[in-house]
Amino acid sequence: MSFADPTALPKDLIKDGSDAGFMTDVVAASKSQPVLVDFWAPWCGPCRTLTPMIEKAVRAAGGAVKLVKIDIDKDPAYAGQLQVQSIPTVYAFVNGQPVDRFQGALPESQIKAFIDRLTGGESANSDIEQLMSLGEESLSLNDLGGAAQAFAQVMTLEPAHEGAIAGMARVYLADGDVDQARQTIAMAPQGSKDATVQSVRAQLALLSAAPTGADDELKAKVAADPSDHQARYDLSLAQAASGDLKGAVDSLLTIVAADREWNDQAARKQLLVVFEAAGAGSDVARDGRRRLSSILFA
């Protein structure tokens, strides 16, 4: 979606509300357009996370929805009437009535979807979902051009879409352009919880950690001395960097099984990076976690 020019938005699009002004700012105003009510408090950590994101989403909606923020410490009456039991809690009012709500600091994508349901923005979401599916399918078929086109279209509709940013980075990785992949994934927030963003960053970390020795040399060292954990660890890094994540997992699990405390649990820690790079739902991660658990809790 394209972001609206902030200077063209109504001045009262986002405002601090109160119990005294609730009937005017929320109930009456919601008869003209949807109004979100953000119940918060200064001492609430998740509130400080949510508020900037919801303000951004409201501005991006271009005036289709308003936001009223109410500090429940100063104005507790309507929070009590609406049975707000934890904060942040956000209510949506339409035609003078509360019609939906959510609690906690949701990701930006879910906040946007919440607003889209109120404002009729589902069609844009549908387009994005279809393009993301097309991008993933193209990538799975190694159609890098088709995947890049689909992910680029999503970023045109929603420039901050983390899945599309990660998708473009994966295209560059598949094409061997590591520098461009690194620049692209940097567009996603540093603290992103998006699984595909985390996977790409883990893949880049594996590439950065790759040793200089060739796989064959490292395999020969391991074969000559199976107890050489450093050689086997270096081999796992080389395997991961070349895309052989299953081989990397096998090597690391062998170290953990022999000495789980080796080098401050380096093998176990590296396993977590490999699992993240493979993707939480991948066969490599699922099988690897099962085998790791059987070793640790045997």
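Summary table
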item	result
Any hit, the range 97-112, residues being under 22 Å from Ser18 (Cβ atoms), surrounded by fewer than 14 Cβ atoms within 10 Å (Cβ to Cβ) and out of contact with any helix residue (DSSP H, G or I) (no Cβ under 9 Å at 6 or more places or on another chain)	no
Number of the exception - Ala57 against (1) over 22 Å from Asp12 (Cβ atoms); (2) part of a helix (DSSP H, G or I); (3) under 20 Å from the mean Cα position of the chain (by Cα)	(1)
Test: residue in the range 265-285 that is over 18 Å from Ala238 (Cβ atoms), of a type in the set (Lys, Arg) and not in a helix (DSSP H, G or I)	no
Among residues of the range 123-172, those that are within 16 Å of Gln110 (Cα to Cα), modelled with pLDDT of 90 or more and of a type in the set (D, E, K, R), counted	1
Candidates Val256, Val249, Val222, filtered to the one that is assigned to a helix (DSSP H, G or I) and either of a type in the set (S, T, N, Q) or closer than 27 Å to Ala174 by Cβ (or both)	Val249
Residue count, the range 160-195 (criterion: more than 15 Å from Ser138 (Cβ to Cβ) and under 12 Å from the mean Cα position of the chain (by Cα))	13
Pair list, Cβ < 6 Å and 6+ apart or interchain, from the range 70-91 residues that are in the same structural domain as Phe102 (by TED's automatic domain parsing) and assigned to a strand (DSSP E or B) to residues that are modelled with pLDDT of 95 or more and among the charged types (D, E, K, R)	Val90/Asp38
Which listed residue, of Ala205, Ala210, is out of contact with any Phe, Trp or Tyr (no Cβ under 7 Å at 6 or more places or on another chain), touching a residue at least 40 places away in the same chain (Cβ under 8 Å) and not assigned by TED's automatic domain parsing to the domain that holds Val256	Ala205
All positions within the range 179-203 that are part of a helix (DSSP H, G or I) and crowded, with 17+ Cβ neighbours inside 10 Å	Ala181, Arg182, Thr184, Ile185, Thr196, Val197, Gln198, Ser199, Val200, Arg201, Ala202, Gln203
Some residue of the range 257-280 being farther than 30 Å from Leu106 by Cα and in contact with a Ser or Thr (Cβ under 6 Å, 6 or more places away or on another chain)	no
Unique residue being in contact (Cβ under 8 Å) with a residue 24 or more places away in the chain, part of a helix (DSSP H, G or I) and on the phi < 0 side of the Ramachandran plot when the list is Ala238, Ala231	Ala238
Tally of residues being farther than 24 Å from Pro189 by Cα, modelled with pLDDT of 85 or more and out of contact with any Ser or Thr (no Cβ under 7 Å at 6 or more places or on another chain) across the range 90-122	6
Among the residues listed as Pro46, Pro42, Pro34, the single one being closer than 21 Å to Gly191 by Cβ and outside the structural domain of Ala152 (by TED's automatic domain parsing)	Pro46
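A quick yes/no check of all residues on (1) buried (at least 16 other Cβ atoms within 10 Å of the Cβ); (2) at pLDDT 95 or above; (3) basic (Lys, Arg):
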site: Pro211; (1), (2), (3): yes, no, no
site: Ala220; (1), (2), (3): no, no, no
site: Val273; (1), (2), (3): yes, no, no
site: Ala278; (1), (2), (3): yes, no, no
site: Arg289; (1), (2), (3): no, no, yes
site: Phe297; (1), (2), (3): no, no, no
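The values are calculated or read from the model by the stated rules, or taken from the named source; none is laboratory data. None of these values were measured; they are calculated from a predicted model. For neighbour counting, all protein chains shown are included, and Cβ atoms are generated from backbone atoms with ideal geometry for every residue, glycine included.
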